[in-house]
Structure formats: structure tokens, C-alpha cells
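Got a structure for you, written out below as C-alpha cells; questions coming shortly.
The values are calculated or read from the model by the stated rules, or taken from the named source; none is laboratory data. None of the values given here were measured: they were computed from a predicted structure. Reconstructed Cβ throughout: ideal geometry from the backbone, glycine too, with neighbour counts over all protein chains shown.
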Amino acid sequence: MVDVSPWPLSASIGALGFTIGFVTYVHEGMSMLVGCFLLGSFSLIALTAVRWWGDVIVESTFLGNHTSLVVLNLKYGFWFFVLSEAFLFVSFFWAFFNSSIGELSQQGVGHWPPLGVKSICPWKVPALNTAVLVGSGLFVNWAHGAVKAHGLVSMDDSKGNNNKVFMGRAYTGGEYWRIQGLISLGITIVLGIFFTWLQATEYYMASYTIADSVFGSAFFILTGFHGAHVIAGTLFLTVCWVRLYLYHFSYQHHHFGMYAATIYWHFVDLVWVFVYGIIYIWGH
């Protein structure tokens, strides 16, 4: 079994601190104390992620401590994590609808988007972002399938039964699937970075800010938190790319990390479909 880990506690402390700092920034503005608090909390989260990821890799790949029961518990824990993230976004969508068609709208807003706020056209950059993210979901599926096949085929195939040709070159055993996984995963990572760049460009060109009415607040909170999840998912996939490059998912090694990254990326895709349909199209 795996060792006792301090990282869940440190991750919780870092997340709590970052949330408190962010709420303080929204209500009171940025100050030296708030900035240091946010930086310290984020640094704790980043340090925890690096050390926790490292421990899991060592326990699974090098020590072989991940039994089938441990892997099953990891899957259950990850799905509960995704469920909690889903409820987080549900609360944001609830706030958006309450502001646009709910009690708050009837009492004070009266018009959606509020007068003076020009919403972003959904058929330009947001539509391109949707195509980029949906396309990345196809490539991450390709990568996941390649990693699964890579883990089922021995790298040392002396008889050449599994030799395959890819891009004019013959590969032996599981190496063929490893190369396919590296390429498709690399494309997914590039698309994730491109999505983040497009989102940042859209923020820069927007005619309103998070302080401009409840529409601006709801828009930037929803798209901003989703963007943060895209960045986290891109880092997740990058770790998987490095692990695949280092043969961590080779013959008879489980690939839970790739499985979790794929599920997380599809979750990010699904949330964006709702964000695009509700915030951009319906909100426009």
C-alpha cells in the first residue's frame, strides 16, 4: 500500500488561502498584503502539486505499490473530485441565471445584458475557441487509445509480430503506439495553449471588466474559472506527455494518470459547451 501523505492537507490549506485572498481582492482591491497572501497560497498549491505528483509516480512506476485496489480508489477519488468541480460550475451558472432571469433581474437589472454593456459576439473568437477545444477532445481520445495499446504490447518483440509503419518508419512492439501517443498528446497540449491565448486576447479586447455590472462579474468568473481549469488540464497533459516519453506507461504498467487527464479534459470540454451556449449565445 502507499505511504501516508501530507499533500492533501497542504493542498487544502493552499486552496483555502487562495480563495480567501481572491475574495478579499474582489471586495477590497489589491494591496501588498493581499498580493503576498495570494502569491504564498498559489506557491503552496504549486509546490504541493509537484511533490504529490512526484510521490504518486514513484509509488506507482518505480516501487510498484499501486495494487488494483489502490488504482480503483484513485479512480473513485478522481470522479468525486470531478463531481465537486461540476457543482462549483453549477453554482456559477445559477448565479448567472438568477441575475439574468431570476429574482435579482426582476428587482434591479431589468435588461440583459444590462444597459451600457456590449456583449461579445459569439460567432467570432468564442466560436473558434469552441472548435479548438472540441478538436482537442478528439486528439486526447486518440492519445488515450494509443497509451492503452502501448501498455498492452511488449516493447521487446523479437519476432516482429507487432511491427508497424508510421510516417515511413517501422516501429517494433509498443513503440508504434508510444509515438502516436506523443504526437496526439502534443497536439492536444498545443491546442490547449492556443485556447488560453485566444481567451486572454478576448479579455483584452472586451469592452467591459469584472467590475462592470453583474453581467461582467458573471462572465469573467465563469470564463475565468474555466480558463484556469484549461491551464490546469494543459499542465496535467504535459506531465502525461513527459511520462509517456520516459516510458512510464509501458508494458504491464497502469496508465491511471493518462486516464484521469483524459477525463478531466473532457470535463473541461463539456463545461465550455455550456459556457458557450449560455454565456455567449443566450447571453448575447
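List the pairs whose first member sits in segment 119-133 and is under 11 Å from Ala206 (Cβ atoms), whose second member is modelled with pLDDT of 95 or more and of a type in the set (A, V, I, L, M), and whose Cβ atoms are under 6 Å apart, counting only residues at least 6 apart or on separate chains?
Close Cβ pairs satisfying both conditions: Val125/Leu198.
Checking the structure you have, find out if any residue of segment 26-35 is surrounded by 17 or more Cβ atoms within 10 Å (Cβ to Cβ), outside the structural domain of Leu88 (by TED's automatic domain parsing) and either of a type in the set (S, T, N, Q) or outside any helix (DSSP H, G or I) (or both).
Within segment 26-35, none of the residues are surrounded by 17 or more Cβ atoms within 10 Å (Cβ to Cβ), outside the structural domain of Leu88 (by TED's automatic domain parsing) and either of a type in the set (S, T, N, Q) or outside any helix (DSSP H, G or I) (or both).
In segment 143-166, which residue that is of a type in the set (A, V, I, L, M, F, W, C) and at pLDDT 65 or above is nearest to Arg243 (Cα to Cα)?
Filtering segment 143-166 for residues that are of a type in the set (A, V, I, L, M, F, W, C) and at pLDDT 65 or above, the one nearest to Arg243 (Cα to Cα) comes out as Val147.
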